[in-house]
Amino acid sequence: MATAQSRLERRETEALLEERSGLEKHCCHCGSTAVRRWGKTRTQLQRWRCSDCGKTFSSATGTLVERVHRRDGMAAVAKDMMARQPQPCRALAAALGVDKMTVWRWRTRLLAALGDVGQSGLKGIVEADETYFRESRKGSREWVRHQRAPSRHPKPPRLRWRDYDRQGIPLPRGLSRWQIPVLVTRDRGGATAANRLRSTRLREIAQSLTPRLARDAMLCTDAAGVYRTYANRTGRAIEQVNTSLNQRVRANGVYHIQNVNAFHARFKEFMQPFRGPATKYLDGYVAWMLMRDANAQSSDGANPIFVRAL
Ligand SMILES: [Zn+2]
């Protein structure tokens, strides 16, 4: 049932689509400009037909809302993703009158479409530090498959987290390979970048940091040797605080990593209700967190997640 709110959201989505596709129409199948109006789509978008290849298209073709019937629902999910407290899929699904898996699919589609939203050109004093998320295979069928046919499906590399407890086996301690690092970089102006690392080796750190930093940016990190090595090899200034010795600030409070650690804390708090989403989606959650953080002040105007994802 279309409520006034969902009609409004649908109209907004359509306006956004038409606006983004621009005035200059190209066929999105062959690129030809020999196109003409060809009625309306089911969702009342202008449909076009290409005289060269004979195919039709609209401004939704090739975007992530193509083949989404309830665009108002997807817009509502995007809006919820920027809300102070995003709702569980079930609650959203009930409010929108769709299945919970539909909401989940829309959300993962939006997250995948965000891509790399971290800022670059970070300047001045740039704090960098990693935070860790426990590896998760939520939704994975690997143990089920293994138990059904052990000969065809080898044993997964670790137990399910709950089984450690159930079987009284001690959990892997400290930073094992089951702790997934996310490197967060933030300058004092609040510009932030973050991405998942495959490891905390120099090469990975360098690949993550180098494209983010302005040429004369100075690094501020904890005492980890890898950052010192990175700075030495790239000729970059670095100041380190020894957080393990409880040294929080240096040089009268100029050098610290408290902004980045505050971001870590907000990130953990944001992730908590999701109960360890599968690690294969972690990049999406990093992007989501960055979008929320960058748009924390502005609550009006077009939804930044939807705009970016389209
Ligand atoms: Zn064409």
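In table form, for the structure just shown:
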| item | result |
| --- | --- |
| Pair list, Cβ under 9 Å, 6 or more apart: segment 18-32 residue on the phi > 0 side of the Ramachandran plot, other residue more than 8 Å from the ligand (Cβ to nearest atom) | GLY22/SER59 |
| Segment 218-257, residues that are surrounded by fewer than 16 Cβ atoms within 10 Å (Cβ to Cβ) and assigned to a helix (DSSP H, G or I) | GLY225, ARG228, THR229, ASN232, ARG233, THR234, SER244, LEU245 |
| Evaluation of ASP129 against (1) of a type outside the set (Phe, Trp, Tyr); (2) exposed (fewer than 11 other Cβ atoms within 10 Å of the Cβ); (3) closer than 30 Å to GLN297 by Cα (one fails), failing number | (2) |
| Residue match in segment 101-122 (condition: over 30 Å from THR192 (Cα atoms), among the polar types (S, T, N, Q) and in contact (Cβ under 8 Å) with a residue 40 or more places away in the chain) | no |
| Conditions (1) within 30 Å of the chain's Cα centre (by Cα); (2) more than 12 Å from the ligand (Cβ to nearest atom); (3) more than 30 Å from PHE267 (Cα to Cα); number of the one not met by ASP72 | (3) |
| Residue match in segment 287-302 (condition: of a type in the set (Asp, Glu), touching a residue at least 12 places away in the same chain (Cβ under 8 Å), out of contact with any Asp or Glu (no Cβ under 9 Å at 6 or more places or on another chain) and surrounded by fewer than 19 Cβ atoms within 10 Å (Cβ to Cβ)) | yes |
| Pick from segment 147-192, criterion assigned to a loop (DSSP other than H, G, I, E, B) and hydrophobic (A, V, I, L, M, F, W, C), ranking: nearest to TRP288 (Cα to Cα) | ALA191 |
| Cβ pairs under 7 Å, 6+ apart, first in segment 46-71 and among the polar types (S, T, N, Q), second within 16 Å of the ligand (Cβ to nearest atom) and not in a strand (DSSP E or B) | SER51/ALA34; SER59/SER21; THR61/CYS28 |
| Which numbered condition GLU204 fails, given (1) free of Cβ contacts under 8 Å to residues at least 60 places away in the same chain; (2) surrounded by 12 or more Cβ atoms within 10 Å (Cβ to Cβ); (3) of a type outside the set (Phe, Trp, Tyr); (4) within 28 Å of MET101 (Cα to Cα) | (4) |
| Single residue of segment 207-232 satisfying the filter (of a type outside the set (Gly, Ala, Ser) and free of Cβ contacts under 8 Å to residues at least 24 places away in the same chain) that is nearest to TRP288 (Cα to Cα) | GLN207 |
| Scan of segment 25-58 for residues that are more than 15 Å from the ligand (Cβ to nearest atom), polar (S, T, N, Q) and in contact with a strand residue (DSSP E or B) (Cβ under 7 Å, 6 or more places away or on another chain), ordered by number | THR41, GLN46 |
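None of the figures in this text is laboratory data; all of them are computed from the coordinates on show. The model shown is predicted, which means the values in this text are computed figures rather than measured ones. Neighbour counts are summed over all protein chains in view; Cβ atoms, including those assigned to glycine, are modelled from backbone coordinates with ideal geometry.
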